[in-house]
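Shown next, in structure tokens, is the structure this report addresses.
The values are calculated or read from the model by the stated rules, or taken from the named source; none is laboratory data. Please read these numbers as outputs of a predicted model, since none were measured by experiment. Counting neighbours? That spans all protein chains shown, and the Cβs are built from the backbone with ideal geometry, glycine included.
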Amino acid sequence: MDKHQEYLTKAKYDEFNAELNSLKTTKRKEIAEALEYAKSLGDLSENAEYHEARDTQARVEDRINHLEALLKSASIVSKHDTSVIGVGSVMVLEREGSKDKKEYTIVGSEESDAARGLISMRSPLGLASLGKGKGDTFSFKSPAGPVNYKIIDIK
């Protein structure tokens, strides 16, 4: 797997596509109207509404550029091999010294959300688990020191 390639699920790809469409149509129109209103207030050098609208416009255009580049180069993750961990794999792990099992899904960095169990393939846990199989053990360095896991299942 290319370490610079971005991977997205179909649902996340569709979500980003919808956001891009909304930004290009609705949000750009709202900003244009805000700029026109601010210009009508007169002196632009001390016009807070104008400067705020321009800042918003810059942030929206940055987000549009980011999403366009992301969607253009992203690979959609679909079915995957359940014998080894890769992007899209759901893995059940057991931390050494604990009997608690935790389930994580390996995703691209744009989708990661540790609180929901979505782990970036570029995170220490993600990198350490890629390519491993059921029953394998692996470790990685965390801020608290080395952490060891055993792979209980791959879905």
Only one of these conditions is not met by Lys39: (1) at pLDDT 90 or above; (2) farther than 30 Å from Asp153 by Cβ. Which number is it? (1)
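For residues in the stretch 1-43 being over 19 Å from Arg63 (Cβ atoms), of a type outside the set (Phe, Trp, Tyr) and surrounded by 13 or more Cβ atoms within 10 Å (Cβ to Cβ), which is farthest from the chain's Cα centre (by Cα)?
Lys39
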I'd like the full set of residues that are modelled with pLDDT of 90 or more, among the β-branched types (Val, Ile, Thr) and either in contact with a Cys (Cβ under 7 Å, 6 or more places away or on another chain) or over 18 Å from Gln5 (Cα atoms) (or both), limited to the stretch 58-112. Val60, Ile64, Val84, Val90, Val92
Extreme residue, surrounded by the fewest Cβ atoms within 10 Å (Cβ to Cβ), among residues of the stretch 44-85 that are assigned to a loop (DSSP other than H, G, I, E, B) and in contact (Cβ under 8 Å) with a residue 12 or more places away in the chain: Ser78
Give me the pairs: first residue in the stretch 86-100 and outside any loop (DSSP other than H, G, I, E, B), second residue modelled with pLDDT under 90, beta-carbon distance under 6 Å, and six or more apart or on different chains, which are they? Val90/Lys155
Number of the exception - Glu111 against (1) assigned to a loop (DSSP other than H, G, I, E, B); (2) closer than 18 Å to Asn148 by Cα; (3) of a type outside the set (S, T, N, Q): (2)
Just for the stretch 91-145: of the residues that are exposed (fewer than 13 other Cβ atoms within 10 Å of the Cβ) and aliphatic (A, V, I, L, M), which one is nearest to Leu67 (Cα to Cα)? Ala114
